[in-house]
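*Asks:* For reference, the structure I am asking about is given below.
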Amino acid sequence: MSHKYRLTVRAADATAEITVHDGRFNRVASGVGQYVGEHPDGLYQVRVRSSGAVEEQLVSLDRDQTITFEPVAFATPVPLVQTRGSAPHDRDV
């Protein structure tokens with residue numbers, strides 16, 4: 001008999017697209033910025049897309065779990081905070 005567990009996914013970017021796929025690669029859930037749902041125990045792939053970048057994490061759902069995705073660092077010629085290549089002196093601008 002399969003148990004259901006709570007999966008909570010939080011993305012630092014409130015506009016991030018979240019998708020959850022089961023062990024057969026079927027999309028079983030989606031959300032924006034945050035997702036909370038219950039799923040049978042098993043292996044899941046959580047994918048977060050933000051600012052054109054994609055991050056994925058495999059989750060073995062055998063208990064209630066919370067997954068947090070930090071901001072995606074992207075390259076830009078403009079000195080912005082939390083971007084790849086931003087120097088400490090650029091953060092004070």
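*Asks:* Could you look through segment 7-24, keep only residues that are charged (D, E, K, R) and closer than 13 Å to Arg47 by Cα, and pick out the one that is surrounded by the most Cβ atoms within 10 Å (Cβ to Cβ)?
*Replies:* Arg10
*Asks:* Okay, moving on. State yes or no: is Thr66 in contact (Cβ under 8 Å) with a residue 12 or more places away in the chain, surrounded by 16 or more Cβ atoms within 10 Å (Cβ to Cβ) and polar (S, T, N, Q)?
*Replies:* Values: in contact (Cβ under 8 Å) with a residue 12 or more places away in the chain: yes; surrounded by 16 or more Cβ atoms within 10 Å (Cβ to Cβ): no; polar (S, T, N, Q): yes.
Considered against the rule, which asks whether it is in contact (Cβ under 8 Å) with a residue 12 or more places away in the chain, surrounded by 16 or more Cβ atoms within 10 Å (Cβ to Cβ) and polar (S, T, N, Q), Thr66 comes out as no.
*Asks:* Every residue in segment 34-51 that is assigned to a loop (DSSP other than H, G, I, E, B) and closer than 11 Å to Leu61 by Cα, please.
*Replies:* If we filter segment 34-51 for residues that are assigned to a loop (DSSP other than H, G, I, E, B), which is where we start, we get 41, 51.
Of everything in segment 34-51, just one residue is assigned to a loop (DSSP other than H, G, I, E, B) and closer than 11 Å to Leu61 by Cα, namely Asp41.
*Asks:* Counting only residues that are of a type in the set (Phe, Trp, Tyr) and open to solvent by less than 60 Å² (accessible area, probe 1.4 Å), how many does segment 25-42 have? Before you say what the answer is, go through the steps one by one.
*Replies:* If we filter segment 25-42 for residues that are of a type in the set (Phe, Trp, Tyr), which is where we start, we get 25, 35.
Retained after the next criterion (residues that are open to solvent by less than 60 Å² (accessible area, probe 1.4 Å)): 35.
Matching residues across segment 25-42 total 1.
*Asks:* Note down all Cβ pairs under 9 Å where the first residue falls in segment 5-33 and is farther than 17 Å from Glu55 by Cβ and in a strand (DSSP E or B), the second is modelled with pLDDT under 95 and open to solvent by less than 30 Å² (accessible area, probe 1.4 Å), and they're at least six residues apart or on different chains.
*Replies:* Note: no pairs meet the criteria.
The values are calculated or read from the model by the stated rules, or taken from the named source; none is laboratory data. This is a predicted model, so every value here is computed, not measured. All Cβ positions, even for glycine, are placed from backbone atoms using ideal geometry, and neighbour counts span all protein chains on display. The area values use the complete protein model at the heavy-atom level, side chains included, leaving out ligands, DNA and RNA. Shrake-Rupley method; radii C 1.70, N 1.55, O 1.52, S 1.80 Å.
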